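To start, the structure itself, in structure tokens.
The values are calculated or read from the model by the stated rules, or taken from the named source; none is laboratory data. These numbers come from a predicted model, not from an experiment. As a convention, Cβ positions derive from the backbone with ideal geometry for all residues, glycine included, and neighbour counts pool all protein chains shown. Ligands, DNA and RNA are excluded from the accessible area calculation, which covers all protein heavy atoms including side chains. Shrake-Rupley method; radii C 1.70, N 1.55, O 1.52, S 1.80 Å.
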Number of protein chains: 2
Amino acid sequence: MMQLIENPKKETWIELIKRPEADIKDVEVAVHAIVTDIKRNGTVALKKYNLILDGYQGESVMLDEKSFQEADGLLDSKLKNAIEHAARNIEKFHSANRFKNEKVETQKGVVCWKKQMPIENVGLYIPGGTAPLFSTVLMLGIPAQIAGSKNVFICTPPNASGKINPAIIYAAKIAGITKIYLAGGAQAIAAMAFGNAGIPRADKIFGPGNRFVTAAKNLVSASGVAIDMPAGPSEVLVIADEHANPRFVASDLLSQAEHGSDSQVICLCISTEKAEAIQTETITLLNKLPRKEIATKALENSRIIILNNLDETIEFSNQYAPEHLILACADAENLAEKITQAGSVFLGNYSPESAGDYASGTNHTLPTNGFAKAYSGVSVDSFMKNITFQKLTKEGLNGLAETVITMAEAEGLDAHALAIKVRIEN
Amino acid sequence: MMQLIENPKKETWIELIKRPEADIKDVEVAVHAIVTDIKRNGTVALKKYNLILDGYQGESVMLDEKSFQEADGLLDSKLKNAIEHAARNIEKFHSANRFKNEKVETQKGVVCWKKQMPIENVGLYIPGGTAPLFSTVLMLGIPAQIAGSKNVFICTPPNASGKINPAIIYAAKIAGITKIYLAGGAQAIAAMAFGNAGIPRADKIFGPGNRFVTAAKNLVSASGVAIDMPAGPSEVLVIADEHANPRFVASDLLSQAEHGSDSQVICLCISTEKAEAIQTETITLLNKLPRKEIATKALENSRIIILNNLDETIEFSNQYAPEHLILACADAENLAEKITQAGSVFLGNYSPESAGDYASGTNHTLPTNGFAKAYSGVSVDSFMKNITFQKLTKEGLNGLAETVITMAEAEGLDAHALAIKVRIEN
């Protein structure tokens, strides 16, 4: 069960905020071999891995039109309505706060501006297996569509008959995606990076995955293919004050813990009584869960920490930089103002993480492992890049000439100075 | 000299847009050893490399206060004025178009918003050597200051007496940076990544460098330290129509070529006469340059390509995705509207690349090697990350409940559903 730690000294926080070291070392050699094989042998190699790893031996690596059409009939209307409802909220939130482009005249005759343009070729990796992550199709596909990316496609592992879960297909259709490729694991990431195995080349690759997928994303990103963000086990930090409902908090801790045995769960309290109440409720609820075994393992690495006051909990949380932060506190709005490091923050007793995981509108692809210190969750901006422009008049260039010539010559770059001189002498 | 290629078939474009393969393979082993040494041995290892590689054996790895004070007196006022002028324009452009945060009620009782926050710890790598890149100090330091990053510091290699170029110090002061650390190469990158060698830990590392620096940035980024963008040799693509001035174009090609023997220079024309005139002018100007030898080598890998019309030149350029694009065309404004892939675009005869390299206001840290398809140049956003927030009322949660429960159960995540159930049953 979760460790309970009372009033740890600040010097020990550095240990308490540590995540278990992600271990992808043991798959790196295998992943390197797979990626190199795809790079050299394209389609032939991909078919080989589809057969060995997913038992699929079909000729085509593209999901057929028939599967697209059939998906609707295979899902009950309750799930379809749920997917559509979530999609509406995601679209509404992600469409707001868009970048507005303005021209800036930095000095007379020197006009500079910036333009946001969609990334054209976007590959989304969606894991297969027992839990079909169709919610991730919405979280990645909808912002890509708002951005205006031309060519958005999915790679997901097929089963032995070349089929995939119809909910993934349905969510893809909602997000306007018409191309699904049947490939999983490191081989799918490599195929998207090189575009040589019957799958289009992606300028940027998004999506979660197991250690093979993570290692392959790291590997191809070192050669310049953009990826969404570095991956790590999912995590939540809950700050629970005296008004927190122990049962609500316990359910939030468990919804993180059920993700995987390597999930991180941290709860910060300001009294021993509340901490113990939360621990008791966690045990009670745990016994009701189908994924009890996974959650139990995750809880073993997890901690309830009692600190002196709410300011200290905020300080701890900012050092930890959690992927998800739940403020189960009466004064959540004011506390939220003090948050400087987090992926996504949930305020008050009625904002559970699972609302944001599926349907409130915010994105659920978020920086884990302390990466929130430098990375943002996925947004429309993740599917765009900026181009800067400038136009100088002759007068504008005259006004910059001495500055540019002086700096260029001081940096030893005489041709840079020459490019100004030939123009102003003209 | 530059190859001249007339009307190549479209099938051959894929070869023409290829960059020479960056070769950092041969330094990877050495870099891995250095990075591991710094990780394990911190300050002791850093001092060893400072001595072996830069001849510096001082005790302190931090630039002393005296060097900060002396820098002003060591520079002539013309250069100081130039640096201040450039800084003003960079600040003006980079302060514009800032993100505005708005709350969005995605449905009744479900309020979501996004907040931009500065990345706190920012390390800037500035190469040393013969050409002191003080302009890069402005290009990285000013946006970091606008973003509000708390702890911005520079790493740059010292000379044997522990000194660095005063122009770097002066530019740092202009950008509000007060901490300069004496370390270069892969060891500096590792020290910033681990924060264990008398140099603070950086959440994100920015800046150019040689192959050792590039390999070290790749290596530490795979373990989650953010970096500005993948590196590659600098490049320019010029589109020259019948109104282009061959002398101006030649000076632009040369200011790219002088950067390094691996620089890429491409010129697209729509007539043989113009192409030949540009080639002739390039040879004439080349002979006047101190860095003639470097530029000559770069030009050997470079190409003047004649295409059928301006639309084809734009199509080619968008496929190439150049770091710098100069539209030396009468109709530059209209052509610029068709650009979908580039780092920074310069319009017309009086907008040379060197204006943007130093002082027009736009940033000069830009994506090379076709990375403009997915990456943007440095801006204030590069020094910030976004946090999303959400607050649901009980009514808001009720309105989402069925959707979240249905989706969570379909994904096999029952605790996610439970977190909603315990709240609505309450």
**OP:** Mind grabbing the interface size between A and B? I mean buried accessible area, both sides, 1.4 Å probe, in Å² to the nearest hundred.
**Re:** 10700 Å²
Subject >> Inter-copy spacing of A:Glu276 label points, which lie 7 Å from Cα along Cα→Cβ, given in nm from shortest upward >> reply: 9.5
Original post:
How much net charge surrounds B:Ser271 when only the other residues with a Cβ under 11 Å from the Cβ of B:Ser271 are counted, with Lys and Arg +1 and Asp and Glu -1?
Top reply: -4
Original post:
When the label point is put 7 Å from the Cα of A:Thr393 along its Cα-to-beta-carbon vector, which residues of the range A:69-113 have a backbone N closer than 14 Å?
Top reply: A:105-112
Original post:
Nearest 0.05, what FRET efficiency do B:Glu11 and B:Glu276 give at R0 = 25 Å with Cβ-Cβ as r?
Top reply: 0.45
Original post:
What Kirkwood hydrodynamic radius do you get for the protein assembly as shown when you take the inverse of the mean 1/r over all pairs of distinct Cα atoms, in Å?
Top reply: 28.3 Å
Subject >> Options B:Asn245, B:Thr272, B:Leu285, ranked by Cα towards positive dipole end of the range B:230-384, top entry (Cβ charges) >> reply: B:Leu285
Original post:
Taking the Cα centre of chain A as the origin, how large is its charge dipole in debye, to the nearest 20, when only Lys and Arg (+1) and Asp and Glu (-1) carry charge on their Cβ atoms?
Top reply: 1560 debye
Subject >> Greater than 32 Å apart at Cα, pairs in A:Lys25/B:Lys150; A:Lys115/B:Lys115; B:Lys179/B:Lys391; A:Lys217/A:Lys391; A:Lys80/A:Lys150; A:Lys173/A:Lys391 >> reply: A:Lys25/B:Lys150; B:Lys179/B:Lys391; A:Lys217/A:Lys391; A:Lys173/A:Lys391
**OP:** Restricting things to alpha carbons, tell me how big the range A:53-132 is in terms of Rg and Dmax, in Å.
**Re:** 21.9, 66
Original post:
Translational D (Stokes-Einstein, µm²/s) of the range A:286-426 at 10 °C and 1.306 mPa s when Rh comes from the Kirkwood sum over C-alpha pairs?
Top reply: 78 µm²/s
Original post:
By its C-alpha gyration tensor, with a ≥ b ≥ c as the square roots of the eigenvalues, how is chain B shaped: rounded for a/c under 1.5, else prolate for a/b larger than b/c, else oblate?
Top reply: oblate
**OP:** Apply the Karplus parameterisation 6.51 cos²θ - 1.76 cosθ + 1.60, with θ equal to phi minus 60°, to every residue of the range B:5-14 and state each ³J(HN,Hα) to the nearest whole Hz, in sequence, with x for glycine and proline.
**Re:** 10, 9, 6, x, 5, 4, 4, 8, 4, 4
Original post:
Once every DSSP H run of n ≥ 4 in chain A is given -39500 (n - 2.57) and the sum is divided by its residues, what mean residue ellipticity at 222 nm do you get, rounded to the nearest 500 deg cm²/dmol?
Top reply: -14000 deg cm²/dmol
Original post:
Can you give me the Cα centroid spacing of the range B:48-64 and the range B:361-381 in angstrom?
Top reply: 32 Å
**OP:** Could you tell me which of B:Gly396, B:Ala226, B:Gly207 has its Cα farthest along the dipole of chain B towards the positive end, charges placed at Cβ (Lys, Arg +1; Asp, Glu -1), taken about the Cα centre?
**Re:** B:Gly396
Subject >> Net dipole in debye of the protein assembly as shown [+1 Lys, Arg Cβ; -1 Asp, Glu Cβ; about Cα centre; nearest 20] >> reply: 20 debye
Original post:
Exactly which trypsin sites (Lys or Arg not before Pro) in the range A:186-265 are in a DSSP loop and have at most 16 other Cβ atoms within 10 Å?
Top reply: A:Arg201
**OP:** First compute the accessible area of the range B:257-366 with a 1.4 Å probe, then give the percent of it belonging to carbon and sulfur atoms.
**Re:** 44 percent
Original post:
Top to bottom by accessible area (1.4 Å), largest first, where do B:Lys18, B:Lys163 land?
Top reply: B:Lys18, B:Lys163
**OP:** Please state the charge dipole magnitude for the range B:96-223, taken about the Cα centre, from unit charges on C-beta atoms (+1 on K and R, -1 on D and E), reported in debye and rounded to the nearest 20.
**Re:** 220 debye
Subject >> C-alpha center-to-center spacing [the range A:142-156, the range B:1-46] in angstrom >> reply: 30 Å
**OP:** Could you please report the charge total around A:His416, scoring K, R as +1 and D, E as -1 over all other residues with beta-carbon less than 13 angstrom from its beta-carbon?
**Re:** -4
Subject >> Residues of the range A:31-137: accessible area per residue with a 1.4 Å probe, Å² >> reply: 49 Å²
Original post:
Got a sec? What order do A:Leu53, A:Leu307, A:Leu418 fall in by accessible area at 1.4 Å, biggest, i.e. largest, first?
Top reply: A:Leu53, A:Leu418, A:Leu307
Original post:
By the gyration tensor of its Cα atoms, with a ≥ b ≥ c the square roots of the eigenvalues, what is the shape of the range B:1-128: rounded for a/c under 1.5, prolate for a/b over b/c, or oblate?
Top reply: rounded
**OP:** May I ask which residue of B:His32, B:Ala193, B:Leu182 lies farthest towards the positive end of the charge dipole of the range B:25-227, with charges of +1 (Lys, Arg) and -1 (Asp, Glu) on Cβ and the Cα centre as origin?
**Re:** B:Ala193
**OP:** Please give the net charge around B:Lys47, taking every other residue with its beta carbon less than 15 angstrom from that of B:Lys47, where Lys and Arg add +1 and Asp and Glu add -1.
**Re:** -1
Subject >> Backbone N within the range A:117-133 under 17 Å of label point (7 Å from A:Lys150 Cα along the Cβ vector) >> reply: A:117-123
**OP:** Quick one: divide the alpha-carbon radius of gyration of the range A:25-227 by 2.2 N^0.38 Å and tell me what you get.
**Re:** 1.13
